[in-house]
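Student: Got a structure for you, written out below as structure tokens; questions coming shortly.
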Amino acid sequence: MSDFRTHQDEQGNISWIETRLSGQSLLVNPLLNKGTAFTYEERLRLRLLGKLPFHAETLEDQVLRSLHQYRRYQIPLNKHIFLRTLHEKNEILFYKLVTEYLEEMFPFVYTPSVSDAVVHFSQEFRQPRGLYLTLPDIDRLEAILDNRTHPDINLIVMTDGERILGIGDQGIGGMDIPIAKLVVYALCGYNPYHTLPILLDVGTDNETLLNDPLYLGWRHRRIRGTDYDAFIDKVVTTFKKRFPNILLHWEDFGRDNAARLLTQYRNDICSFNDDMQGTAVVTLAALLAAVECTEKPLEAHTILIYGAGTAGAGIAHQLKAAFCEKGLTEQQACDAIWLVDKDGLVCMGDVLTISQEPFAKSPELLAKHGLSIAKRDLQTLVDAIHPSILLGCSAQTNHFTEKLVRTVAKSHERPIIFCLSNPGERAEATPQNIIDWTEGRAIIATGSPFAPVQWQDKTIPVPQCNNAFAFPGIGLGVAAVQATKVTDGMLMAASLALADLSAEHKSVLPAIHQVRVAAYNVALAVANQARADGVATASADLSTEELLARVLWEPKYHPIFPESMLP
């Protein structure tokens, strides 16, 4: 049963809100609370008179006070906690503040600060948000979904907490990731009234968490195999029944499950895996922009991806699709992409995930390059194939050594070297080291934010290859045309739209403060492609721009009235 309902005008914009809440219960609802910005008339009709200081402020007044409070904190985790606390008290104020000071605050609502928040989730827990679906409650899933805050859900971000960023199994702490992702969605224009973060608590294998007396999750070893699959299937089936028009955003599932579950369910429920597909969309866009400086097209490059997990394999598949669009056969495309995991080059005969299999190298190809099953480590591989593009998504700190980077740079005037692992301390090399070891010639990007680096008398910016440039636009595009599936064509359209925006700004990627612009461009391209692919169900009488305008959201207060028509 919902506590409120929104009323919209003919263009689909919220015009006023009707609620059954009043008094103190209204002040503790973050979606409705205006705090000191409730007007005198609202205070009278909603039983708030005397509960607030007399002066009624504007949203802009509140932003200035919140900014002053925020800037008093120096420790990153404390900045994150302040913003999270504001998010739990007053969502409109939170989003308005972060939107106004996006470049300053973005790292503290998303990466890299969210990794610290995940690790300290149970110790710093203050206020629940979202829903926790726990295996012992498998027969109560529908009842749990009835306990959500608002009824009109069309986007769920869901994780099981097994592979959080580069820090691994964090159990119930993984909930902070769907929350942070949905914050980014809203900052880019997705209506938070229609979103829901979900944590699938299937246990944890993290010994530190299991032995922590403050740990809030199910104290059980992580469930795997048939029990896990049955739980996932029950969850997806329940979602389909209760939310037939949702986009299900899969987040931070383990390498053995991510691609498998996406393959299994993407035709059954509108699905998107950000670790695989979002990372791939942004990385391809960055590479398309970067290769413009190398004077040869992307398909002419030899690419080595260090890290063959969810992100690395996802990038490989997006690159393969791009190569095939340029006229290469699938085999030629796969042969040009060298995927490396902790044991070395991915080869036929290894135990592989479904997403790794197309890129496994044959004994014949190994022999052609002087390699073998026993001789396929990272340095040996670089010596043998001379990659012009080196991508790191291994979360293995400092594995791009000086010798390795200098070997790459020796064969190429403008090598492309992206260290994409998160958080920043997990990067395969620092941007400064890469620039130093390549005498300033490398084209670089990172997964986490880094300060500009110096080379001789030049200051070189470090583009952030951040998934925030992709997933909000993909979600908005799906919502605008009510797509029933995220197709490969829609993902490619997202990459090309982002690459075009980068080209406009003569950069590898836009700056973080341009994420909302990027989201709009990506959404438009994705929505148009959904229509071309025949998966859009929205009215054909409206243009894509008109449909997109109907779903875009901005943080502002709306008049609130007591219930009159709520059931």
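The values are calculated or read from the model by the stated rules, or taken from the named source; none is laboratory data. These numbers were taken from a predicted model, which means no experiment stands behind them. As a convention, Cβ positions derive from the backbone with ideal geometry for all residues, glycine included, and neighbour counts pool all protein chains shown. Just so you know, the surface numbers come from the protein's heavy atoms only, side chains and all, with ligands and any DNA or RNA stripped out. Shrake-Rupley method; radii C 1.70, N 1.55, O 1.52, S 1.80 Å.
Student: Relative contact order for the stretch 424-557: what is it in percent, counting Cα pairs under 8 Å that are at least 6 residues apart?
Tutor: Values: 191 pairs, mean separation 33.8, N = 134.
Relative contact order for the stretch 424-557 comes out at 25 percent.
Student: Here's another thing I want to ask about it. Cα-based Rg (one decimal) and Dmax (whole number) for the chain, in Å?
Tutor: For the chain, the Cα-based Rg and Dmax read 24.1, 81 Å.
Student: Going 7 Å from the Cα of Ala503 toward and past its Cβ, which residues in the stretch 285-314 have a backbone nitrogen under 17 Å from where you end up?
Tutor: Only 285-300 fall inside the zone, counting backbone N under 17 Å.
Student: Still on this model: What percent does the relative contact order of the chain come to when contacts are Cα pairs within less than 8 Å and at least six residues apart? Write down the numbers at each step before the final one.
Tutor: Details: 1076 pairs, mean separation 87.1, N = 567.
It comes to 15 percent, rounded to a whole number.
Student: A further question follows. Using only Cα atoms, locate the centre of the stretch 509-564 and the centre of the stretch 229-274, then give the distance between them in Å, rounded to an integer.
Tutor: So the two Cα centres are separated by 23 Å.
Student: Quick one: what Rg and Dmax do you get for the stretch 73-122 from the alpha carbons, in Å?
Tutor: Rg then Dmax for the stretch 73-122, in Å: 10.4, 30.
Student: Further, regarding this structure: With viscosity set to 0.692 mPa s and temperature to 37 °C, compute the Stokes-Einstein D of the stretch 78-197, Rh being the Kirkwood radius across alpha carbon pairs; µm²/s, no decimals. If you can, show how the numbers build up before the last one.
Tutor: Details: Rh = 15.0 Å.
Taking Rh from Cα pairs, D becomes 219 µm²/s.
Student: Another question, if that's okay. So, with +1 on the Cβ of K and R and -1 on the Cβ of D and E, and no other charges, what is the size of the charge dipole of the chain about its Cα centre, to the nearest 20 debye? Write out the running numbers ahead of the final one.
Tutor: Working: 52 positive and 67 negative charges, 137 e Å.
Roughly 660 debye, rounded to the nearest 20.
Student: Give me D for the stretch 312-470 in µm² s⁻¹, whole number, from Stokes-Einstein with Rh from the Kirkwood sum over alpha-carbon pairs, 37 °C and 0.692 mPa s.
Tutor: Numbers: Rh = 16.5 Å.
The Stokes-Einstein estimate is 199 µm²/s.
Student: Per residue Cα convex hull volume for the stretch 208-322, in cubic angstrom? Intermediate results must be reported in sequence, preceding the final value.
Tutor: Values: hull volume 17.9 nm³, N = 115.
Considering the Cα atoms of the stretch 208-322, their hull volume per residue is 156 Å³.
Student: With labels modelled as points extended 7 Å from the Cα through the Cβ direction, what inter-label distance (nm, one decimal) is found for His220 paired with Asp152?
Tutor: Here the modelled spin labels are 3.7 nm apart.
Student: Can you run phi through the Karplus equation (6.51, -1.76, 1.60; θ = phi - 60°) for the stretch 513-518 and list ³J(HN,Hα) in whole Hz, with x for Gly and Pro?
Tutor: Once rounded to whole Hz, the list reads 5, 9, 4, 5, 4, 4.
Student: Considering only the other residues whose Cβ falls under 10 Å of the Cβ of Phe94, what net charge follows from Lys and Arg at +1 and Asp and Glu at -1? Working shown, then result.
Tutor: On the way: positive: Arg84, Lys89, Lys96; negative: Glu88, Glu91.
Residues close to Phe94 contribute a combined charge of +1.
Student: Accessible area per residue of the stretch 415-491 at 1.4 Å probe, in Å²?
Tutor: Working: 2370 Å² over 77 residues.
Roughly 31 Å² per residue, with all protein chains present.
Student: OK, next. Just to verify a number: FRET efficiency for Ile138 and Leu31, C-beta to C-beta distance, R0 = 30 Å, to 0.05? Please report the intermediate quantities before stating the final value.
Tutor: Details: r = 29 Å, r/R0 = 0.96.
The value I calculate is 0.55.
Student: Packing-wise, with mean Cβ within 10 Å as the measure, how do 272-285, 42-55, 198-211 rank, highest first? Walk me through the numbers on the way to the answer.
Tutor: Values: 272-285: 27.7, 42-55: 13.7, 198-211: 19.4.
Going by the mean number of other Cβ atoms within 10 Å, highest first, we get 272-285, 198-211, 42-55.
Student: Separate question: Along the positive direction of the dipole of the chain (beta-carbon charges: Lys, Arg +1; Asp, Glu -1; about the Cα centre), which of Ala143, Val351, His558 reaches farthest?
Tutor: Final value for the positive-end residue is His558.
Student: Going by Cα centres, the stretch 156-176 and the stretch 468-485 are how many Å apart?
Tutor: If you average the Cα positions of each part, the centres end up 22 Å apart.
Student: When all alpha-carbon pairs of the stretch 395-523 are counted, what percent fall beyond 26 Å?
Tutor: Working: 2601 of 8256 pairs.
Cα-Cα pairs of the stretch 395-523 separated by over 26 Å account for 32 percent.
Student: Just name one of Leu44, Thr487, Ile337: the one whose Cα is farthest towards the positive end of the charge dipole of the chain (beta-carbon charges, Lys/Arg +1, Asp/Glu -1).
Tutor: Comparing the listed Cα positions along the dipole, Leu44 ranks first.
Student: Using +1 on the beta carbon of Lys and Arg, -1 on that of Asp and Glu, and nothing else charged, what's the dipole of the stretch 213-254 about the Cα centre, debye to 20? Write down the numbers at each step before the final one.
Tutor: Values: 8 positive and 5 negative charges, 38 e Å.
With Lys and Arg at +1 and Asp and Glu at -1, about 180 debye.
Student: Right, something else. Which of the listed residues, Pro363, Ala117, Ala230, is farthest toward the dipole's positive end in the chain, when Lys, Arg count +1 and Asp, Glu count -1 at the beta-carbon?
Tutor: Ala117
Student: Okay, next question. I'd like the carbon and sulfur percentage of the solvent accessible area for the chain, probe radius 1.4 Å, heavy atoms only, ligands and nucleic acids excluded. Provide the component values of the computation, followed by the final result.
Tutor: On the way: 11920 of 23210 Å².
Carbon and sulfur: 51 percent of the exposed surface of the chain.
Student: Per 5 Å bin, what is the whole-percent P(r) computed from every C-alpha pair distance within the stretch 1-114?
Tutor: 2, 11, 19, 20, 18, 14, 11, 5, 1, 0
Student: Separate question: Fully extended, how many nm does the chain gain between Phe54 and Arg406 (0.36 nm per residue separation, minus their Cα-Cα distance)?
Tutor: Details: separation 352, 0.36 × 352 = 126.72 nm, distance 6.64 nm.
So the chain would gain 120.1 nm between Phe54 and Arg406.
Student: Counting helices only, and only those DSSP H runs with n ≥ 4, report the 222 nm mean residue ellipticity of the chain as the sum of -39,500 (n - 2.57) divided by its residues, in deg cm²/dmol to the nearest 500. It would help to have the intermediate numbers written out before the result.
Tutor: Numbers: 24 runs with 231 residues, N = 567.
Calculated from helices alone, the mean residue ellipticity at 222 nm is -12000 deg cm²/dmol.
Student: Taking K and R as +1 and D and E as -1, what net charge do the other residues with C-beta under 15 Å from the C-beta of Leu501 add up to? Walk me through the intermediate numbers first.
Tutor: Values: positive: Lys506, Arg516; negative: Glu292, Asp500, Glu504.
Cβ neighbours under 15 Å give a net charge of -1.
Student: If amide hydrogens are placed 1.01 Å from N in the peptide plane, which non-local residues have theirs closer than 5 Å to the one on Leu247?
Tutor: Under 5 Å from the amide H of Leu247 lie the amide H atoms of Leu155, Ile156, each far enough along the sequence or on another chain.
Student: Under unit Cβ charges (Lys, Arg +1; Asp, Glu -1), what dipole magnitude, rounded to 20 debye, does the stretch 235-375 have relative to its Cα centre?
Tutor: 300 debye
Student: Next question, about the same structure. Just tell me which lysines come within less than 21 Å, Cα to Cα, of Lys342; anything on the same chain fewer than 8 places away is out.
Tutor: Here the lysines satisfying the reach criterion relative to Lys342 are Lys361, Lys375, Lys403.
Student: Please report the net charge: other residues with Cβ closer than 13 Å to the Cβ of Glu251, K and R +1, D and E -1. Numbers along the way, then the final one.
Tutor: On the way: positive: Arg163, Lys181; negative: Asp160, Glu162, Asp176, Asp252, Asp274, Asp275.
That works out to -4.
Student: When ligands, DNA and RNA are left out and all protein chains stay put, how many square angstrom of accessible area per residue does the stretch 318-374 have with a 1.4 Å probe?
Tutor: On the way: 2920 Å² over 57 residues.
Normalised by residue count, the accessible surface of the stretch 318-374 is 51 Å².
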